[in-house]
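**Student:** Once you've had a glance at the structure underneath, I'll fire off some questions.
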Amino acid sequence: MQWTDKIRQVKIFLVLAAIIIAVLSLVVSHFLVKDLSDEEHNRMKIWAGALHAFNQADENTDLSLVLSVIEGNNTIPVIVTDAQGGVLDFRNVKIRAKNTIDSMSYVKEYASQMYSSGHFIKIFLDESGRGDNYQLVCYDESVMLKRLSAWPYVQLGIVLIFVVIAIFALLTSKKAEQNKVWVGLSKETAHQLGTPISSLMAWTEILKETYPDDSLIPEMDKDVKRLQLIADRFSKIGSLPEPVPSSLIEVMNHVVDYMNRRTSQKVQMVKLFPPQDIIVPLNASLFEWVIENLCKNAVDAMEGAGRITLFMQDEGNCVAIEVGDTGKGIRKKDIANVFRPGFTTKKRGWGLGLSLAKRIVEEYHHGKIWVKNSEVGKGTTFRIELHK
């Protein structure tokens, strides 16, 4: 559990670091765009001054510098209007209309938008510098500035897509590697158990012949067969065992009988099964393992005293199985991690039981398993759905 918490903290730190970098990038881009916008505003002041000088010029004025300034604007859209809003001139404006009347209407509307945005400079035509005799130089941001404003968001979007793809690839690779580890570990465990189990079976047969009336030998034989069943389950992990039509009630009763023999009298097993039998495609050995694991976890959560409720219901196209207990429950922040390999709330535990249970239910039986509900101090209920 501590290891899982550390991994979660590292992920949170990386996410926060990515958010901070993104925010800083946007802030820097914002200030850069603002500086360029101010620069364009200053350029338009110079352009408006040149236009004012052009309007006030007489036949003796040298207009070469003024004209060079006016003609030098090839990027910033500009529309010159009179005090009543009539269009006098425009530059760098792309007309999006089919005829002259529509063109002028478009330019006039565009100038109104510029004015509403505050992008205008007022030029007074009389010497007093006030009154109604003026022109408006309305301007918009250049195409380059607009692209620069949008580029950080495009860049962040591209980076985000690559990050998502990279995370998905890493998670897929990690899951494939984990699967190889579980399969290898399971098969090696089954292989290592095979030889001593065979020897124990032989010794049990010898003991039966030597001491036919000993009451302990049949119990030993049951335990040896149990070990053989466990080894068989491990050997099937990693392969794709073919499910066969099986009685689900019979499988559940096997688990209940096994748990009743192995648990304290203080643990009550309650069966809520339908009266009619339910037949579903199962690998009975592996599915029994899933229910046993849930029941053993329930016993640990109840600390050896409480009630385990096994509920089963036919829901048409699927069968619902629920295993509930009256134990200590699971914290809300841990519910999402209970099926992760290595996660455990026990002081001693590998955190593999629920991970293998999820693999058996979802990959081998194409069903679903999840925590239906859990409340600290009251208990937990796991739900399994299998297709019929």
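**Student:** Using only the Cα atoms of the chain, construct the convex hull and provide its projected area averaged over every direction, in square nanometres to one decimal.
**Tutor:** 34.3 nm²
**Student:** By how many nm would the segment from GLN56 to GLU109 grow when fully extended, if each residue of separation counts as 0.36 nm and the alpha-carbon distance is taken off?
**Tutor:** 16.3 nm
**Student:** Between THR210 and ARG261, how many nm apart are label points set 7 Å from Cα along the C-beta direction?
**Tutor:** According to this spin-label approximation, the distance is 2.4 nm.
**Student:** Something else: May I ask you to give the percent of accessible area on the chain that is carbon plus sulfur, with a probe radius of 1.4 Å?
**Tutor:** The nonpolar share, carbon plus sulfur, comes to 59 percent.
**Student:** Quick one: accessible area per residue over the chain, 1.4 Å probe, rounded to a whole number of Å²?
**Tutor:** Solvent-accessible surface per residue comes out at 63 Å².
**Student:** Kindly rank 85-96, 354-365 from highest to lowest mean number of other beta carbons found within 10 Å of each residue.
**Tutor:** Top to bottom by mean Cβ count within 10 Å: 354-365, 85-96.
**Student:** Calculate, for TRP370 and TYR153, the FRET efficiency according to 1/(1 + (r/R0)^6) with r their C-beta to C-beta distance and R0 30 Å; round to the nearest 0.05.
**Tutor:** 0.20
**Student:** So, one more: Contact order normalised by length for the chain, with contacts defined as Cα pairs under 8 Å and 6 or more residues apart; what percent is it?
**Tutor:** 11 percent
**Student:** Here's another thing I want to ask about it. Where does the chain land at 222 nm, in deg cm²/dmol rounded to the nearest 500, when only DSSP H runs of n ≥ 4 count, each adding -39500 (n - 2.57), divided by all residues?
**Tutor:** Result for the chain, helices only: -19500 deg cm²/dmol.
**Student:** Within 10 Å, count the other beta carbons around each residue, average over each peptide in 210-219, 68-77, and list them highest first.
**Tutor:** 68-77, 210-219
**Student:** Largest first, how would TRP47, TRP203 line up by accessible area (1.4 Å probe)?
**Tutor:** The residues order as TRP203, TRP47, largest area first.
The values are calculated or read from the model by the stated rules, or taken from the named source; none is laboratory data. Quick caveat, the model's predicted, so the values are computed rather than measured. Heads up, the Cβs are rebuilt from the backbone with ideal geometry, glycines too, and the neighbour counts pull from every protein chain shown. Please note that ligands, DNA and RNA were not included when accessible areas were found on the heavy atoms of the full protein model with its side chains. Shrake-Rupley method; radii C 1.70, N 1.55, O 1.52, S 1.80 Å.
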